[in-house]
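Visitor: Pasting in a structure now, in structure tokens, and then I'll have a few things to ask.
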There are 2 protein chains.
Amino acid sequence: MSGRLAVIGLGPGDARWLTPEAEAALAAADALYGYGPYLDRVPARPGQARHTSDNREEGERAAAALRHAANGAAVAMVSGGDPGVFAMAAAVCAAIEAGPAAWRQLDLVVVPGITAMLAVAARVGAPLGHDFCALSLSDNLKPWQVIEKRLDAAAGAGFVIALYNPVSRARPWQLGAAFDRLARHLPAATPVVFGRAVGRADEHVEVTTLGAAGVVAAELAADMATLVIVGSPETRAVARDGRTPLVYTPRASAGVSA
Amino acid sequence: MSGRLAVIGLGPGDARWLTPEAEAALAAADALYGYGPYLDRVPARPGQARHTSDNREEGERAAAALRHAANGAAVAMVSGGDPGVFAMAAAVCAAIEAGPAAWRQLDLVVVPGITAMLAVAARVGAPLGHDFCALSLSDNLKPWQVIEKRLDAAAGAGFVIALYNPVSRARPWQLGAAFDRLARHLPAATPVVFGRAVGRADEHVEVTTLGAAGVVAAELAADMATLVIVGSPETRAVARDGRTPLVYTPRASAGVSA
């Protein structure tokens, strides 16, 4: 079997974050699969088929791409950010596990990309400079009680927290509930960073505090294109005249010298 | 003041992971600063000065680069992986906070990169496919008790765990102690991924279990170039004939349909 499936991370919106490996994998594909807005970022190439699907059809999209690859084609599945972080690579792996034995023999390549939390962090300094976690706020795929448990554990143990999928039309209250939950563990002055559409023309980055985060989220109309970083008790915001504050988490914990 | 400091992530070893933004920022610099092995990955350019330092001199390296930029130069600080993840961006921010007021007015740009956990994860599937954390095992910069608390919290709450800086010559026992600690929370069959020198000619990736991880770490001579991913109770390893097992963490928690 000569089929090949590349699961490719495009990075956030800016084309300058597309790696040479991803560029080469896109160029080598006979066919592209993906959610429409991600496929729209890939220039058309003659002879290359494009299969667009809705963002709620991940399992079926993965199976379709695997069937196509199993026929001997070089297939590429595109994903925003990094395909392994709350994205298509896990859906492809799950489809392989559930599918025919032949799919396990396909040449599967995952091409990493800049994931949203790294891009947002870069815009403000280094909020992820020490131990951190990444947590999806979507309770479509896990019970809200699991999310609360993870928020408690992460904040209680001093991790910085990157929140993916913070808000959608069907999930309007979860982000506010998460801020309230985190406020049980963290001071109101804890720095919070919002990054919306980072790397795109309408990018907006805002630094605030946990105490004000619920109000700011509403003002910004935080949505699925938004990534939120909540600091740990050690995260610092450094004011700068006329610029966004620098936000960083020191490499050394308090009381330990570098 | 026209000075500029770009803190640039080169990604892991493979040049195909260097983003166009990083490439452009390197090309635009009057002077480069960095740890020797990272600077060695950047081709020499005529007229571009290079300031190499040891990897234990991060604070002084950051201050030197800031002084240079404050004199009006375009300075680049290079970092492996992503500069914001256990790397130079936090050191630069700390130096800015502690330094003269003029440093806050410098044009600081952080250029994100592929961090090691994304590259290692890509090699085996999607172990970071759901909630995860990144934790440095170095107790040079925080007490070991803090690390134990974070291991307990992360494993107990169901996060996948990426361990950075797992072993060094001065820290030979910490990785084994971390596996023992995690075994209090996780089954012995939990998948563990070792990625050493990923993206370099001597790359080695191995999939094992938590029960065998201590022995495998010794066999592989895990070191500072190694990144370890410890699964959650939901992480799955899928055997493939003649290939490394696929390792992935499903997007949906058990009992919740996608």
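Visitor: In nm, one decimal, shortest first: how far is the label point of residue A:44 (7 Å from Cα along Cα to beta carbon) from the matching points in the other copies?
Guide: 4.8
Visitor: Once you keep just the Cα pairs under 8 angstrom separated by 6 or more residues, what percentage relative contact order results for chain A?
Guide: On the way: 519 pairs, mean separation 50.6, N = 258.
The value is 20 percent.
Visitor: A follow-up question, please. Averaged across A:99-107, how many Cβ atoms of other chains sit within 10 Å of each residue's Cβ atom?
Guide: Details: counts 0, 0, 2, 0, 1, 7, 4, 2, 1.
Neighbouring Cβ atoms belonging to other protein chains average 2 per residue here.
Visitor: Next question. Output the direction-averaged projected area (hull surface divided by four) of the convex hull of the alpha-carbon atoms of region B:105-258, in nm². Numbers along the way, then the final one.
Guide: Values: hull surface 47.7 nm².
In nm², the orientation-averaged hull projection of region B:105-258 is 11.9.
Visitor: Same structure, new question: Which is farthest toward the positive dipole end of region B:116-258 among B:128, B:201, B:230, measuring Cα position about the Cα centre, with Cβ charges +1 (Lys, Arg) and -1 (Asp, Glu)?
Guide: Farthest towards the positive pole: B:128.
Visitor: Using amide H atoms built in the peptide plane, which far-off residues or other-chain residues are under 5 Å from residue A:240 H to H?
Guide: A:246
Visitor: Ignore the peptide's own chain and count Cβ atoms of other chains within 10 Å of each Cβ in A:244-252; give me the average, rounded.
Guide: Working: counts 0, 1, 9, 1, 10, 4, 6, 14, 7.
What the average comes to for A:244-252 is 6.
Visitor: Per residue of A:19-31, count partner chain C-beta atoms within 10 Å of its C-beta, then hand back the mean as an integer.
Guide: Details: counts 11, 8, 9, 3, 2, 1, 1, 0, 0, 0, 0, 0, 0.
Across the residues of A:19-31, the mean count of other-chain Cβ atoms within 10 Å is 3.
Visitor: Scan around residue A:125 for amide H atoms under 5 Å from its own, H built in the peptide plane at 1.01 Å from N, and keep only partners 5 or more places away or cross-chain.
Guide: HN-HN under 5 Å from residue A:125: A:247.
Visitor: For a quick check: sort A:230, B:216 by the number of other beta carbons within 10 angstrom, fewest at the front. Show your work: numbers first, answer last.
Guide: Working: A:230 28, B:216 17.
Neighbour counts put them in this order, fewest first: B:216, A:230.
Visitor: Under 5 Å between amide hydrogens, which residues at least 5 positions from residue A:131 or on another chain qualify, with H placed 1.01 Å from N in the peptide plane?
Guide: B:136
Rule-based calculations on the coordinates, nothing more; no lab input. Just so it is clear, the structure is predicted and the values come from calculations on it, not from any experiment. Positions of Cβ are backbone-derived with ideal geometry, glycine not excepted, and every protein chain shown enters the neighbour counts.
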